[in-house]
Amino acid sequence: MQNRLKTLHFELTDPFDNVQVVICCKRFLKDLGFGEAQQYLIASAVSELSTNIIRYAGKGTISIGTTYRNGTVGFVVAARDDGPGIPDLKKAMAENYSSGKGLGLGLPSVKRIMDEFEIHSTPGQGTRVTAIKWLE
Amino acid sequence: MTNYIRIIDTDLAVHVLEHLPTPVMAVNREMELVFLNEAGLKHIGRSWEEVKGKPCKDILQSRHCGTSECKMRQVMDGGQVATVRNEMKINGRTVPVEYTAAALKDQDGTIVGGVEYIIDITERVRQEKKLQEQSKTIREISTPAIKLWDRMVILPVVGVVDSQRAQQMMSAMLQKIMATAAKVIILDIQGVAAMDTAVANHLIKIAKATKLMGCRCIISGITPAVAETLVQLGIELTDIDTNSTLQDSLFDAFSLLDLTVTPKGSKQ
């Protein structure tokens with residue numbers, strides 16, 4: 001089981017690549033000890049990040065792994081792309097904002113679902129998102 | 001610390017490079033050929049005398065040659081060792097290749113040229129294409145719209161929904177509604193692996209489109225996990241009928257069609 005909890009990397013280039021991310025993510029969360037509802041919730045947040053990469057940057061990577069703090073284990077996801085970046089991060093993190101194709105709920109909902117959320121985006125260079133969910 | 005002195009038999013080293021069964025090439029800073037092994041010469045079908053000292057782009061004629069994509073140029077300008085894909089013309093045939101380029105340095109560490117080896121990846125590319133085709137096939141067969149009863153259609157959604165698949169689901173559903181004159185459709189999402197805003201958006205669109213065709217849409221399979229996720233995502237399915245189980249949805253669908261299911265024998 002320890003072996004399985006090693007960091008997993010996914011290269012995303014096609015919408016279909018999200019399948020692998022979501023399925024592996026759920027298995028990973030299950031092994032980590034998250035309950036069924038939590039698995040679904042967190043996998044949905046990861047799916048949001050991976051869909052964003054494919055939709056806006058065309059390609060990028062998703063990494064999932066574990067992290068520890070004060071004896072608590074956490075699930076960590078890192079999304080990175082070298083795409084166009086987000087011109088107005090504040091706006092993108094505001095509820096109901098969308099640059100066009102979605103419901104405009106994407107990034108704020110990832111932030112809401114996860115315990116910790118960090119985003120860096122440079123227009124023309126890409127976006128990096130790191131988020132953690134602690135196992136209660 | 002032990003100082004290892006590597007004594008290299010240069011004749012042997014050249015012999016090894018010559019017989020490596022894949023093209024190995026070295027150029028000077030001016031991008032002129034200073035070495036090309038046997039496999040490389042065989043690929044381009046020329047002798048060493050013919051190509052010696054010639055600009056490598058004239059010899060290889062790959063897609064990267066003479067462009068900013070050329071990794072050889074990049075490593076000579078101080079870039080990292082890199083492996084990239086490329087295409088080369090070999091005997092008039094375009095062949096997918098992968099090449100790895102590294103800088104050639106003298107004893108002082110000054111870059112004096114570059115070296116690369118080229119691998120034919122025809123087989124790998126063929127396998128990738130096959131895999132892509134299979135993925136596409138899976139996508140296509142995974143959106144069945146089934147007529148469940150007179151004027152009732154069900155679309156079980158399993159796995160991961162992406163925009164392409166959602167589009168297929170939508171058209172499969174709408175065509176089935178048309179073909180069967182359905183009045184009720186059940187969209188069963190119990191088997192959906194995750195619910196992000198894109199998936200929710202697609203489901204809402206499907207529900208709206210079916211409504212436009214005069215058909216009621218019931219989304220079934222809203223498990224506790226799905227419900228919680230939808231709430232967390234801030235998605236409202238206000239205009240859409242939802243149920244937790246397929247059984248409940250089926251019951252509602254029968255009601256909408258003014259049908260009741262009664263146990264055998266309890267006539268009347």
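Computed from the coordinates by the stated procedures, all read-outs in this text should not be read as laboratory data. Computed from a predicted structure; not experimentally measured. Here Cβ is always computed from backbone atoms with ideal geometry, including for glycine, and neighbour counts include all displayed protein chains.
I'd like the distance separating the alpha-carbon centroids of the stretch B:62-119 and the stretch B:182-206, in whole Å.
Taking the Cα centre of each part, the stretch B:62-119 and the stretch B:182-206 sit 48 Å apart.
So if each residue of separation counts as 0.36 nm, and I subtract the Cα-Cα distance between B:GLU32 and B:ASP11, what length gain in nm does that give?
On the way: separation 21, 0.36 × 21 = 7.56 nm, distance 2.25 nm.
Taking 0.36 nm per residue and subtracting the Cα distance, the gain is 5.3 nm.
What is the antiparallel percent of DSSP beta bridges lying wholly in chain B, to the nearest 5? The partial results should precede the final answer.
Working: 31 of 46 bridges.
Antiparallel bridges: around 65 percent, rounded to the nearest 5.
Relative to the present Cα-Cα distance, how much length would full extension add between B:THR223 and B:SER68 at 0.36 nm per residue of separation? Present the calculation step by step, with values, prior to reporting the outcome.
Details: separation 155, 0.36 × 155 = 55.80 nm, distance 5.30 nm.
This chain segment gains 50.5 nm when fully extended.
Taking a 30 Å limit on the Cα-Cα distance, which of the listed pairs B:LYS130/B:LYS208; A:LYS30/A:LYS111; B:LYS129/B:LYS208; A:LYS6/B:LYS89; A:LYS59/A:LYS111 fall beyond it? Can you show the working numbers first?
On the way: B:LYS130/B:LYS208 36 Å; A:LYS30/A:LYS111 21 Å; B:LYS129/B:LYS208 36 Å; A:LYS6/B:LYS89 42 Å; A:LYS59/A:LYS111 22 Å.
Violating the 30 Å Cα-Cα cut-off are B:LYS130/B:LYS208; B:LYS129/B:LYS208; A:LYS6/B:LYS89.
Can you give the average number of partner chain beta-carbon atoms within 10 Å of each beta-carbon in peptide A:106-114, as a whole number? Walk me through the numbers on the way to the answer.
Details: counts 5, 1, 3, 8, 4, 0, 4, 4, 0.
Other-chain Cβ atoms within 10 Å of each residue's Cβ, averaged: 3.
Residue by residue, what Karplus-based ³J(HN,Hα) values in Hz, rounded to whole numbers, does the stretch B:18-26 have, using 6.51, -1.76 and 1.60 with θ = phi - 60° and x for Gly and Pro?
Residue by residue, the stretch B:18-26 yields 4, 9, 4, x, 9, x, 10, 9, 10 Hz.
Under DSSP H, which helices of chain A have Cα atoms covering 15 Å or more of the helix axis and a Kyte-Doolittle average no less than -0.5? Don't skip to the end; give the middle numbers.
On the way: long enough: A:17-32 (23 Å, 0.39); A:36-52 (24 Å, -0.01).
Qualifying helices, which must be both long enough and hydrophobic enough, are A:17-32, A:36-52.
Net charge near B:SER249: determine it from the other residues with C-beta under 13 Å of the C-beta of B:SER249, scoring Lys and Arg +1 and Asp and Glu -1. Mind showing how you got there, number by number?
On the way: positive: B:ARG216; negative: B:ASP188, B:ASP241, B:ASP248, B:ASP252.
Within the 13 Å Cβ shell, the charges total -3.
State to the nearest 20 debye the size of the charge dipole of chain B about its Cα centre, where the only charges are +1 on K and R beta carbons and -1 on D and E beta carbons. Walk me through the intermediate numbers first.
Numbers: 31 positive and 32 negative charges, 238 e Å.
For this selection, approximately 1140 debye.
To the nearest 20 debye, what is the magnitude of the charge dipole of chain A about its Cα centre, counting +1 on the Cβ of each Lys and Arg and -1 on the Cβ of each Asp and Glu? Intermediate values should be presented prior to the final figure.
Numbers: 16 positive and 14 negative charges, 16 e Å.
Computed charge dipole of chain A: roughly 80 debye.
Once the mean 1/r over all distinct Cα pairs of the protein assembly as shown is inverted, what Kirkwood radius in angstroms do you read off? Write down the numbers at each step before the final one.
Working: mean 1/r = 0.0393 Å⁻¹.
Over the protein assembly as shown, the inverse of the mean reciprocal pair distance is 25.5 Å.
Among the lysines, which fall within straight-line cross-link reach of B:LYS147, defined as a Cα-Cα distance under 17 Å, with same-chain neighbours fewer than 8 residues apart omitted?
B:LYS147 reaches B:LYS176, B:LYS183.
What are the residues whose amide H is under 5 Å from the amide H of B:PHE35, where those residues sit 5 or more places off or on another chain and H is modelled from the backbone?
Counting only residues 5 or more places away or on other chains, the set is B:ALA26.
Find out how many positive minus negative residues lie around B:THR229, taking Lys and Arg as positive, Asp and Glu as negative, among other residues whose Cβ is under 12 Å from that of B:THR229.
Values: positive: A:ARG112; negative: A:GLU36, A:GLU48, B:ASP196, B:GLU228.
It works out to a net charge of -3.
Tell me the label-point distance for the pair B:VAL125, B:LYS42, using the 7 Å Cα-to-Cβ offset, in nm and rounded to one decimal.
Calculated label separation equals 2.0 nm.
By the scheme Lys and Arg +1, Asp and Glu -1, what is the net charge of all other residues having a beta-carbon under 14 Å from that of B:ASP150? Provide the component values of the computation, followed by the final result.
Values: positive: B:LYS147, B:ARG151, B:LYS176, B:LYS183; negative: B:ASP258.
That sum, taken over residues with Cβ under 14 Å, equals +3.
Return the FRET efficiency for the residue pair A:ARG69, B:LYS105: r is the Cβ-Cβ distance, R0 is 51 Å, and the value is rounded to the nearest 0.05.
Values: r = 44 Å, r/R0 = 0.87.
Between A:ARG69 and B:LYS105 the formula returns 0.70.
When a/c is below 1.5 the answer is rounded, else prolate if a/b is larger than b/c, else oblate, so apply that to the stretch B:88-207 with a ≥ b ≥ c taken from the square roots of the Cα gyration tensor eigenvalues. Please report the intermediate quantities before stating the final value.
Details: a/c = 5.11, a/b = 2.89, b/c = 1.77.
Verdict is prolate for the stretch B:88-207.
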